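Input: a single structure, listed below in structure tokens.
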Amino acid sequence: MEGIARWEHFSHQADIGVRGIGASRDEAFEQAALAMTAAITDPRNVRPEETVEITCEAPDDELLLVEWLNAVIYEIATRRMLWGRFEVRIEGSRLRATAWGEKTDVARHRPAVEVKGATYTSLSVRQDPTGAWMAQCVVDV
């Protein structure tokens, strides 16, 4: 299933729906985080200058997606950085990830919104009949 990894937005009133699609659950979670970054700025403009390790845990895939995205939001807020690449490894109920990014440069990144948190609205993590994975939820902006 090479070449199916992508992210996209879907409309949801005043907030933004983020959706990650990939050949694996890990890849879908990576793409969901990129979709969230893309609500703020173009992730292609984020330089991979620094890395941070992110871990989280939850009892099921849907709650793990919310925990993951909120952990990324926390890193954005506390480090004043944006992340343009993610590598996710999910083992059981635990997610371990590496994020690559740089300090936010308002003039260059031109942030469109501030993402406040991932929500349970439209929350879904599933594998379709072709084997592709999709991970989505609405983020509060």
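Overview of results
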{"item": "Test for V138: is it touching a residue at least 60 places away in the same chain (Cβ under 8 Å), open to solvent by less than 60 Å² (accessible area, probe 1.4 Å), in a strand (DSSP E or B) and more than 25 Å from G3 (Cβ to Cβ)", "result": "yes"}
{"item": "Restricting segment 94-115 to residues that are open to solvent by 50 Å² or more (accessible area, probe 1.4 Å) and closer than 23 Å to A58 by Cα, the residue that is farthest from the chain's Cα centre (by Cα)", "result": "R94"}
{"item": "Within segment 2-60, considering residues that are of a type in the set (G, A, S), part of a loop (DSSP other than H, G, I, E, B) and open to solvent by 50 Å² or more (accessible area, probe 1.4 Å), the one modelled with the highest pLDDT", "result": "G3"}
{"item": "Residue within segment 62-76 that is out of contact with any Cys (no Cβ under 8 Å at 6 or more places or on another chain), open to solvent by 70 Å² or more (accessible area, probe 1.4 Å) and assigned to a strand (DSSP E or B) present", "result": "no"}
{"item": "Filtered residues of segment 77-89 (kept if open to solvent by less than 40 Å² (accessible area, probe 1.4 Å), among the aliphatic types (A, V, I, L, M) and either out of contact with any Ser or Thr (no Cβ under 9 Å at 6 or more places or on another chain) or in contact (Cβ under 8 Å) with a residue 40 or more places away in the chain (or both))", "result": "L82, V88"}
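The values are calculated or read from the model by the stated rules, or taken from the named source; none is laboratory data. Keep in mind that this is a model prediction, so the values were computed, not measured. Don't worry about glycine lacking a Cβ; one is built from the backbone with ideal geometry, like all the others, and counts go over all protein chains shown. All accessible areas refer to the heavy atoms of the entire protein, side chains included, with ligands and DNA or RNA removed. Shrake-Rupley method; radii C 1.70, N 1.55, O 1.52, S 1.80 Å.
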